[in-house]
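The values are calculated or read from the model by the stated rules, or taken from the named source; none is laboratory data. This is a predicted model, so every value here is computed, not measured. Note that each Cβ is placed from the backbone with ideal geometry, even for glycine, and that neighbours are counted across all protein chains shown.
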Amino acid sequence: MLHPATIRDFLAHGTEEMTPRSVANLKRLLTRTSERLMPEYARRDLPGPGRIDPLAPYTDAEVAALRAWAYGQPTANRRVQAERLLCLGLGAGMFAAEIAAIVVADLRVDDLGVLITVSGARARQIPVRVEWSEPLIRVIESNDRTDHVFLPGRKRTRNLISNFASAGSGEPGPNSYRMRSTWIVGHLVNAVPVHTLMDAAGIESVQGLSKFVAHIPTAEVDAVRRALHGAREDR
C-alpha cells in the first residue's frame, strides 16, 4: 500500500477535500513511512517538491479527458452523475462540500442561463458557464426539488467525490480543487471584474484570489501592449 506509485496516485486523486497544507503534511508523513518500510523504492517514483499542485487548473486537453472519463463510466447512472459533477466543478467552481450539499431547489433557469444559490458560510449566487449548463437544466426537469443534484438518494457525504471518482472506469477522475481553480482562472483570463468574481467564488479578500493569479497564462506581448495602451483589438 505504501509503494511510491500508490502514494502518488492517492495524493493526486484522493485528497480533494483536504487543504493544500494538509496534502503537503500528509505527503511528508507517507513518504517517511514508505522510506522506512520500503527503502528499496524510497522516493524513486514520488513527484518532487512543487510538482503536486492542487490548485493547477486543468488544461483544455485535461478537460477533454475528464469529459471522456464521464462518458466512459460503466453505467448510465454513473455517466449522468459524472457529468453533473463536472458541471458543478468546472461550470460553477464549487467547493467539494457545496457539491455534496446542493439540491435541485438551489438551481434556477432564466433567460440568462443557470443560476446556483449556495447557502451556508459562503452564501452566494453562481452563474453557471454556458457550456456546462444543459445537464443542470435536465436535472431541474427530471428530479424532485429536494433531491441532491449529485448522487441523489445517497446515505453518506464523506469523501463523496473521491470515492465516486475512484470507483468508476479506472481512469483518473476529477479533483474538486483543480476544477474550482480552472473555473476561477478561466474567468480571470476572460477579464471578469475581480469583485464580481470574488462574490461568485465565495472569496472574501483579494489575497484569497492571489493564489490563482500565478496560474494565469502569459499573454502575448502585442496583446499586453494594446491593453496597457488602452487600445481596442480591432484598431
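Among the residues making up the stretch 139-184, those that are part of a loop (DSSP other than H, G, I, E, B) and under 18 Å from P57 (Cα atoms) are P172, G173, P174, N175. L136 falls short on exactly one of the conditions (1) over 21 Å from the mean Cα position of the chain (by Cα); (2) outside any strand (DSSP E or B), and that condition is (1). Closer than 30 Å to M198 by Cβ, out of contact with any Phe, Trp or Tyr (no Cβ under 8 Å at 6 or more places or on another chain), at pLDDT below 95 and assigned by TED's automatic domain parsing to the domain that holds W132, is that true of A61? In short, yes.
In the stretch 89-119, the qualifying residues are those that are without any contact (Cβ under 8 Å) to a residue 60 or more places away in the chain and in a loop (DSSP other than H, G, I, E, B), and the one that is nearest to I161 (Cα to Cα) is I102. In the set V192, V221, only one residue is under 30 Å from A105 (Cα atoms), without any contact (Cβ under 8 Å) to a residue 12 or more places away in the chain and hydrophobic (A, V, I, L, M, F, W, C); that residue is V192. Out of curiosity, is A76 aliphatic (A, V, I, L, M), free of Cβ contacts under 8 Å to residues at least 24 places away in the same chain, within 20 Å of P152 (Cα to Cα) and surrounded by fewer than 20 Cβ atoms within 10 Å (Cβ to Cβ)? Yes; evaluated as a whole, the condition is true for this residue. Among residues belonging to the stretch 185-194 that are closer than 18 Å to V206 by Cβ and part of a helix (DSSP H, G or I), point out the one that is farthest from the chain's Cα centre (by Cα). Top of the filtered list is V194. Within the stretch 193-202, can one find any residue that is over 21 Å from V128 (Cβ atoms) and either surrounded by 11 or more Cβ atoms within 10 Å (Cβ to Cβ) or at pLDDT below 75 (or both)? No.
Among the residues of the stretch 44-58, those identified as among the hydrophobic types (A, V, I, L, M, F, W, C) and at pLDDT below 90 are L46, I52, L55.
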